[in-house]
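S.K.: There's a structure below that I have some questions on.
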Amino acid sequence: MEKVRISKLMSEQGICSRREADKFIEMGWVFVDGECISQLGTKIYPMQKITLNKAAQAQQQKFVTILLNKPIGYVSGQPEPGYQPAVNLINQVSQFIDKRFSQRFSLSDLKNLAPAGRLDIDSQGLLVLTQDGRIAKQLIGADSKIGKEYLVRVEGSLSKERLALLNHGLSLDGSPLKRAEVRWQNQDQLRFILHEGKKRQIRRMCDLVNLKVTGLKRVRIGEIKLGNLPEGMWRYLRVDERF
């Protein structure tokens, strides 16, 4: 059995992100089978036990995760010409105060805050931004099984056969899509539940069955629902909430 870099194993095991792993290693906060490891690039066997000391665990507890109701016209990640990134909406004024969780906004919460998944510029709804590499991996890692739910307003007719194709049988970028759950919500709106996130996936799926998407809103990620969070506002993920 070959040895693997500790940072890679820590990411794969959901302990932290690779970047966080390198930082913790440099600080001397990582232990393998009880032995402190402080050399970047150190390789170990996959079955060896990796643990973090209390300082690293305390730092992880300070990481914040933010739930934003992204409006149309904002990009999820890097800014594009003429458009603002969604993170610009995270400020004291736009915080939605949850009576069950009293934490107030701090500028430090913006440091290393990154979107865990995309939501197209012309789509709206639930967007997760986090400082926590464990949550990012849970939501967008290659082996993520977290379901994401969307309400999609469409124009055009849809036969039973093409509805079945939306559920299973379509391919994008030369690869078959994972099984989805798609059903009519009302006369002109479909409800999608996806377990993957290819670029503009729903719009491209609808194109393949001759439907035009006129509105798209993400309403749930895993166990977390958009709920009554107003458009353009955000709140913290509470300590009692899990995806």
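S.K.: Please go through segment 14-24 and pick out each residue that is out of contact with any Gly (no Cβ under 6 Å at 6 or more places or on another chain) and either among the hydrophobic types (A, V, I, L, M, F, W, C) or modelled with pLDDT of 85 or more (or both).
M.R.: Narrowing segment 14-24 to residues out of contact with any Gly (no Cβ under 6 Å at 6 or more places or on another chain): 14-15, 18-19, 21-24.
Within segment 14-24, Ile15, Ala21, Asp22, Lys23, Phe24 qualify.
S.K.: Restricting attention to segment 107-128, report how many residues are closer than 15 Å to Leu237 by Cβ and of a type in the set (Gly, Ala, Ser).
M.R.: To start, the set of residues in segment 107-128 that are closer than 15 Å to Leu237 by Cβ comprises 109, 113-117, 126-128.
Adding the requirement that they be of a type in the set (Gly, Ala, Ser) leaves 114, 116-117.
Count: 3.
S.K.: Then there's this: Search segment 1-37 for residues being among the charged types (D, E, K, R) and loosely packed, with under 13 Cβ neighbours inside 10 Å, and hand back the single one that is nearest to the chain's Cα centre (by Cα). Show your work before the answer.
M.R.: Taking segment 1-37 and keeping what is among the charged types (D, E, K, R), we get 2-3, 5, 8, 12, 18-20, 22-23, 26, 33, 35.
Okay, now just the ones that are also loosely packed, with under 13 Cβ neighbours inside 10 Å, so 2-3, 19, 26, 33, 35.
Details: Glu2: 31, Lys3: 30, Arg19: 17, Glu26: 27, Asp33: 32, Glu35: 34 Å.
Ranking the qualifying residues of segment 1-37, first place goes to Arg19.
S.K.: What residue, among those in segment 25-56 that are under 23 Å from Gln138 (Cα atoms) and charged (D, E, K, R), is modelled with the lowest pLDDT?
M.R.: Selected residue: Lys54.
S.K.: Just a yes or no: is a residue in segment 153-174 β-branched (Val, Ile, Thr), at pLDDT 95 or above and within 27 Å of Leu89 (Cβ to Cβ)?
M.R.: To start, the set of residues in segment 153-174 that are β-branched (Val, Ile, Thr) comprises 154.
Restricting the remaining residues to those that are at pLDDT 95 or above gives 154.
Still in the running and within 27 Å of Leu89 (Cβ to Cβ): none.
No, segment 153-174 has no match at all.
S.K.: If I go through segment 139-156 residue by residue, how many of them are in a strand (DSSP E or B) and exposed (fewer than 13 other Cβ atoms within 10 Å of the Cβ)?
M.R.: Start the filter on segment 139-156 by keeping residues that are in a strand (DSSP E or B), which leaves 148-155.
Then drop every residue that is not exposed (fewer than 13 other Cβ atoms within 10 Å of the Cβ), which leaves 155.
Total satisfying the criteria: 1.
S.K.: Across segment 103-138, which residue is modelled with the highest pLDDT among those that are aliphatic (A, V, I, L, M), part of a strand (DSSP E or B) and more than 9 Å from the chain's Cα centre (by Cα)? Give the derivation first.
M.R.: So the first thing to find is which residues in segment 103-138 are aliphatic (A, V, I, L, M), and the list is 107, 110, 113-114, 116, 119, 121, 126-129, 135-136.
Pick out the ones that are also part of a strand (DSSP E or B) and you get 114, 126-129.
In the following step, the residues that additionally are more than 9 Å from the chain's Cα centre (by Cα) were identified as 114, 126.
On the way: Ala114: 90, Leu126: 98.
This residue is Leu126.
S.K.: Quick check on Asn69: is it touching a residue at least 24 places away in the same chain (Cβ under 8 Å), assigned by TED's automatic domain parsing to the domain that holds Ser108, within 30 Å of Arg200 (Cβ to Cβ) and of a type outside the set (D, E, K, R)?
M.R.: Numbers: touching a residue at least 24 places away in the same chain (Cβ under 8 Å): yes; assigned by TED's automatic domain parsing to the domain that holds Ser108: yes; within 30 Å of Arg200 (Cβ to Cβ): yes; of a type outside the set (D, E, K, R): yes.
Yes, satisfied.
S.K.: Considering every residue within segment 193-201, establish whether at least one is farther than 30 Å from Arg242 by Cβ, outside the structural domain of Ile15 (by TED's automatic domain parsing) and crowded, with 17+ Cβ neighbours inside 10 Å. Please lay out each step first, then the result.
M.R.: Quick first cut of segment 193-201, residues farther than 30 Å from Arg242 by Cβ only: none.
Within segment 193-201 (the criterion being farther than 30 Å from Arg242 by Cβ, outside the structural domain of Ile15 (by TED's automatic domain parsing) and crowded, with 17+ Cβ neighbours inside 10 Å), the answer is no, since none of the residues qualifies.
The values are calculated or read from the model by the stated rules, or taken from the named source; none is laboratory data. Here the structure is a predicted model, which means the values were calculated and not measured. No Cβ is skipped: glycine too gets one built from the backbone with ideal geometry, and neighbour counts run over all protein chains shown.
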